[in-house]
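The structure appears right after this line, and notes come after that.
Every read-out reported here was derived from the displayed coordinates using simple, explicitly stated rules and does not represent laboratory data. All figures in this text were calculated on a predicted structure; none of them were measured in a lab. FYI the Cβ positions are ideal-geometry reconstructions off the backbone, even for glycines, and counts take in every protein chain you see.
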Amino acid sequence: MSAIVSVQNLRKSYAGGFEALKGVNLDIQEGEILALLGPNGAGKTTLISTICGITVPTSGHVTVGGHDTQADFRAARSLIGLVPQEINLEPFETVFSTVRFSRGLFGKPRDDGYIEKILNQLSLGDKKNAKIMTLSGGMKRRVLIAKALAHEPRVLFLDEPTAGVDVELRKDMWDVVADLKSSGVTIILTTHYIEEAEAIADRVGVINKGEILLVQDKAEMMAQMGQKQLQIALATATQDIPAALAHYNLDRADDGLTLTYTYDTKGERTGITTLLADLAKAGLKLKDIQTRQSSLEDIFVGLVKEKA
């Protein structure tokens with residue numbers, strides 16, 4: 001795959017000296033889904049706005065499909081569809097006219113058949129003549145996506161696409177994103193929902209305080225950075241962890257009935273066998289054991305804390 005979006009040493013400073021972006025470098029591959037994770041104020045929306053040409057960078061360069069977003073704005077912007085966080089639609093317009101108008105803004109010839117195709121793809125076909133004001137929040141978000149796709153972009157930015165959407169609709173949106181990818185659209189989404197990135201992304205980027213901390217294949221990230229935990233249920237509660245077990249750095253639950261042992265999946269030895277033997281020597285009787293793989297959320301929280 002080749003990079004359809006290339007960000008090089010991108011910086012954005014505001015009056016007063018605040019740096020929203022601090023030398024960001026990022027290549028987005030054609031046809032992938034990249035999830036950009038970060039806490040509030042991390043720079044996610046500023047980065048998207050700058051790539052889309054809405055925000056002017058202080059320094060650095062961005063190209064989309066080989067077009068510089070500053071020197072060749074129109075060509076670059078024509079390749080981009082943007083779905084903003086805020087739902088800002090004309091309430092008295094119909095769904096169809098709203099989407100068709102967006103296509104016209106990019107100078108595309110009228111193509112009602114293509115608009116119908118998009119609406120059907122987003123399960124909005126039966127709502128095409130409905131006024132925006134009659135739609136649910138989830139449907140309005142779909143209209144925003146339809147507007148962003150109306151001019152046939154190659155790259156789609158989704159800024160918090162499922163914010164405020166209930167769990168069922170959120171999963172429907174994930175299906176929509178997967179369908180868009182299968183049609184050849186490159187998708188970049190920002191999200192607060194870790195499970196969203198875990199469910200649909202090919203790669204995950206973590207941004208905090210205007211800096212990209214990591215961009216990596218999702219599966220590789222979890223394999224390389226993930227840890228496993230062995231949760232040991234005891235037959236009887238223990239008030240303290242025996243001194244002989246101190247070097248295992250066990251975590252004891254408040255009720256004293258569960259001990260948790262964390263180990264590195266990359267290590268040559270897990271230490272589980274010797275731990276179980278030492279538990280028996282210490283007189284602790286096991287009721288049950290189970291393992292738990294650390295999630296993307298654990299990895300994300302750890303990265304942000306490490307760079308805080």
- prompt: Percent relative contact order of the chain, based on C-alpha pairs within less than 8 angstrom and at least six residues apart?
  reply: 19 percent
- line: The exposure ranking of 74, 141, 103, fewest beta-carbon neighbours within 10 Å first, is 74, 103, 141
query: Can you put 251, 159 in order, fewest other beta carbons within 10 Å first?
result: 251, 159
- line: With T = 10 °C, eta = 1.306 mPa s and Kirkwood Rh from C-alpha pairs, the Stokes-Einstein D of the chain in µm²/s is about 72 µm²/s
query: Where does the chain land at 222 nm, in deg cm²/dmol rounded to the nearest 500, when only DSSP H runs of n ≥ 4 count, each adding -39500 (n - 2.57), divided by all residues?
result: -9500 deg cm²/dmol
task: Kindly provide the chymotrypsin sites (Phe, Trp or Tyr not before Pro) of segment 1-87 that DSSP labels as loop, not H, G, I, E or B, and whose Cβ sees at most 11 other Cβ atoms within 10 Å.
output: 14, 18
field: Counted charge near residue 241, where neighbours are those whose Cβ lies closer than 12 Å (Asp, Glu -1; Lys, Arg +1)
entry: -2
- line: Given the candidates 43, 33, 16, the one whose Cα lies deepest towards the positive end of the charge dipole of segment 1-74, counting +1 at each Lys or Arg C-beta and -1 at each Asp or Glu C-beta, is 16
field: Listed residues 29, 85, 290, most fluctuating in the chain (Gaussian network, C-alpha, under 10 Å)
entry: 290
query: Counting other C-beta atoms within 10 Å, which of 5, 185, 95 has the fewest, and how do the rest follow?
result: 185, 5, 95
